[in-house]
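What follows is calculated from the coordinates using simple rules that are stated; it is not laboratory data. From a predicted model like this one, the values you see are computed outputs, not experimental measurements. Positions of Cβ are generated from backbone atoms using ideal geometry, with glycine treated the same way; all protein chains shown enter the neighbour counts.
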Amino acid sequence: MFSPDPEHPIVLPYDVLVNVVACFVAIFAPDPSRYPTTKDFGHIPPQRRNRYLHKLSLVNKMLNSICGKYIFATYVLTFRAEYSAQPLALFPEDKANGNRGGFFSWNPAANPLRIAHMASKAAFIHELYIMDMGTKDLPALPESLVPDLCGALQSLSRLRVIRFHCSGERNVLHASLWNTLRELDLKTCDIRALRPPNNVEALPAIQDVFYDWNEQTTEFEKLFNPSTLFLRYQPGPYDAPPPLFKSTSKKLLHLKANYLLMHTIYQPLFDLSEVPHASVHIELARTCELWKHVPSVWGELRQTVMRAFAEGLDRYSTVQKGNLGLIISRPALAMPDIPDIDLSTLDVQPDFRPKRWDHLNYY
């Protein structure tokens, strides 16, 4: 299928090209049943599907330019991958130390090529994942990588969503990279385990922020000032209990959190008394290895939920989820003091009273 001479690429007949593009549209259609002859493509996992499409798009330049918006709308830039990941090797340097060995250790030869390949798809990229599994010797996104990465990010004019998948002991995002993010027209930022640098300005116009809960979450909320904040807390068995999260943001409209608790908490987790204009959806869960211990662990979870909010549970409903989970929620209780806000997206119920308090149930 591939032309042996790059100077003379394969030229497909127009009718063949139209059929190929139709298959691309069918593969990425939300409802594959609308395309009976190609509905089986809907069962291909997204990762494998993108591999096939990427290889097929290399048949000729016209096909690549047409299908690029389907293939590269979501782009994964991998420097050091998780061992469970299956990154696509684009260059010979990616196959160092085995077929995929170049992705599981720091690869200074391949990293500039990977960044350049991402920059070449700037016209298509809407959502970008940056993966780098750092180590103690070399943390995620080291300084040597920052200049090339910042230059490539500035070329992504259509980028609206950026997600960092990085490991390490609270890696700090480089100040130059943070300033580059400020220049982009981002709507969603997911930095999870990364920590913003000190003495920097806030990111403007961010709507959704994903962040791992820690003792500095309240401080970092001011740097993002999002309308929707997603918090995640997944501690180890010997980690200290989470400190209090207190928000005073006038712009916050939705707070969503997912907490996996390893033990009973004896102090409040949240103080949302100053943000009545924000809707709340929080999932708390406990772990239990033996079924016979579930009733006692449920009792500990009930005690934790009763202490979860500094303002009490009078305005929150609690719904059991599974054996050892509870969803704590409420709508917005007051109108936000934000000019030119779209009220159609808000559910404000000043007189809200909960109808379910499942945390009062016993096993």
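Data overview
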quantity	calculated
Cα-based convex hull, segment 109-233, per residue volume (Å³, whole number)	100 Å³
Relative packing of 121-129, 251-259, which averages over residues the other C-beta atoms within 10 Å, highest first	251-259, 121-129
Charge context of C189, other residues only, Cβ under 11 angstrom, K/R +1, D/E -1	+3
Proximal charge balance of F79 [Cβ under 9 Å; K/R count +1, D/E count -1]	+1
Residue-count net charge about N225 - beta-carbon cut-off 10 Å; Lys, Arg +1, Asp, Glu -1	+2
